[in-house]
Amino acid sequence: MRRRRRYNRAGNHFTAASVICVLFFCANVFAQRNKPATQAELDEITARGRALYEYDAAARHSTDAVMALKPAAGSFNMHVGKKTDKGWTLAYGKLSDKRDKYLIVYEAVQGASIKEFKVTKFDQPKPDTGFYLNAARALEIVTLDDKPPVIPASRPYNIAVLPAPNDEFYVYVLPAQIKTGVFPLGSDSRYRISKDGRKILEKRAMHKAIIEYSTPPNTAKVESGYHTAILDEIPEDSDVFHVLARTPSVPEWVITKTYVYRITPDGGIKYIMTVEAFKKVGKQ
C-alpha cells in the first residue's frame, strides 16, 4: 500500500478496456481550447507527473526509514523533499514559531536506490533558512487554505511540494491510497506558491470526483484504461502519476470534451485525435 503523511480535509467511471465504445461527457467544462495541447505542453505535463511520482516514492520509503527509529510523538509534523544529482533528501521537522526557520529533526538521504534511505537524527534541531524553509511554508499555506479549488472528499490525502519555474513551488493535494490494489484518481488540485512560500499565486482544480481503479483478478486481460476529463481539454499531472503508480502497468486514454490523448505506461503523452473522429473509429 502507498502511504505517507496524510492531509485530512474533505465522476467519471473508470475501467480497464481494450476498446472504448461509449463516451460520456459533462457539459460543465471550465476551460475551453480551440486546439489540442502541443507536444511541448504534453511533455511538460509528463515531466511534472513523473516528478510527483518520484517524490511520492521517496517520501514513502524515507518515512518507513524514519519511523523505524521510533521518533517521539510531535518531534516533527511535516517533511520536505529535495532532489540533487545524488538523489533525494527528505527533511523531517517543523516550522519555528516565527516561521523564519525550518527545524530539521531527521534527515533521510537516498542510498543506491529510491527504496533505500539513511537517516540522521539531530539531537538539536538543525535550522534551515533556504529551500526547506520556503517549501515548508508553501506546504503550510496550502493546508490552511479555506477556499481550495476542489473540496476534498472525506478521506485521507497526501500533500507534496515540488520546485516550479522561477524558484516558485507546486504543491499537490492528492487522495491517498487506503486499500491495497485500489488506486484513486480525482478530487485533486495543484497550487502554485511564491518562492518564499508565503503567497498562493494560482490554484488549479485537476479533477473533481474520485474514481478508483481496482486491480482486476486476471491482469493478463487488461490492455488499457480510460477516463473522461471535464475541467480542461488536456491531461493533468495527476493523470501521469496515476498511470505510473497503479498496477497493472497499462496505458490510459484521457478523453476530454473535444480531444483524445493516450498516456503510455512510462508517463509519456500523445494527442490521438478529436472525439468526433474517435467516435467514428469506434463505430467501424
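A few points about this structure:
- Gly267 vs. criteria touching a Ser or Thr at 6+ places or on another chain (Cβ under 8 Å), within 26 Å of Thr38 (Cβ to Cβ), among the small types (Gly, Ala, Ser) and modelled with pLDDT of 90 or more: yes
- Any hit, region 148-158, residues being touching a helix residue (DSSP H, G or I) at 6+ places or on another chain (Cβ under 9 Å), assigned to a strand (DSSP E or B) and of a type outside the set (A, V, I, L, M): yes
- Tallying residues that are open to solvent by less than 90 Å² (accessible area, probe 1.4 Å) and in a strand (DSSP E or B) within region 101-127 yields 16.
- Exactly one residue out of Arg204, Arg198, Arg262 is under 30 Å from Asp128 (Cβ atoms), in contact with a strand residue (DSSP E or B) (Cβ under 6 Å, 6 or more places away or on another chain) and open to solvent by 10 Å² or more (accessible area, probe 1.4 Å): that is Arg204.
- Residue in region 140-147 that is in contact with a Ser or Thr (Cβ under 8 Å, 6 or more places away or on another chain) and closer than 24 Å to Val240 by Cβ present: no
- Checklist (1) assigned to a strand (DSSP E or B); (2) on the phi < 0 side of the Ramachandran plot applied to Gly186, failing item: (2)
- Subset of region 139-152 (residues that are open to solvent by 30 Å² or more (accessible area, probe 1.4 Å) and aliphatic (A, V, I, L, M)): Ile141, Leu144, Ile151
- Residues in region 231-259 that are among the β-branched types (Val, Ile, Thr) and either more than 16 Å from Asp43 (Cα to Cα) or open to solvent by 10 Å² or more (accessible area, probe 1.4 Å) (or both): Ile234, Thr247, Val250, Ile255, Thr256, Thr258.
- Among the candidates Lys83, Lys98, Lys70, Lys35, the residue that is out of contact with any strand residue (DSSP E or B) (no Cβ under 6 Å at 6 or more places or on another chain), closer than 30 Å to His207 by Cβ and in a loop (DSSP other than H, G, I, E, B) is uniquely Lys35.
- Exactly one residue out of Tyr213, Tyr172 is over 30 Å from Ala72 (Cα atoms), aromatic (Phe, Trp, Tyr) and either in a strand (DSSP E or B) or out of contact with any Cys (no Cβ under 7 Å at 6 or more places or on another chain) (or both), and it is Tyr213.
The values are calculated or read from the model by the stated rules, or taken from the named source; none is laboratory data. Keep in mind the model is a prediction, meaning the values are calculated, not measured. Using ideal geometry, Cβ is built from the backbone for each residue, glycine included, and neighbour counts are taken over all protein chains shown. The protein model used for the area step is the full one, side chains on, heavy atoms only, and it has no ligands, DNA or RNA in it. Shrake-Rupley method; radii C 1.70, N 1.55, O 1.52, S 1.80 Å.
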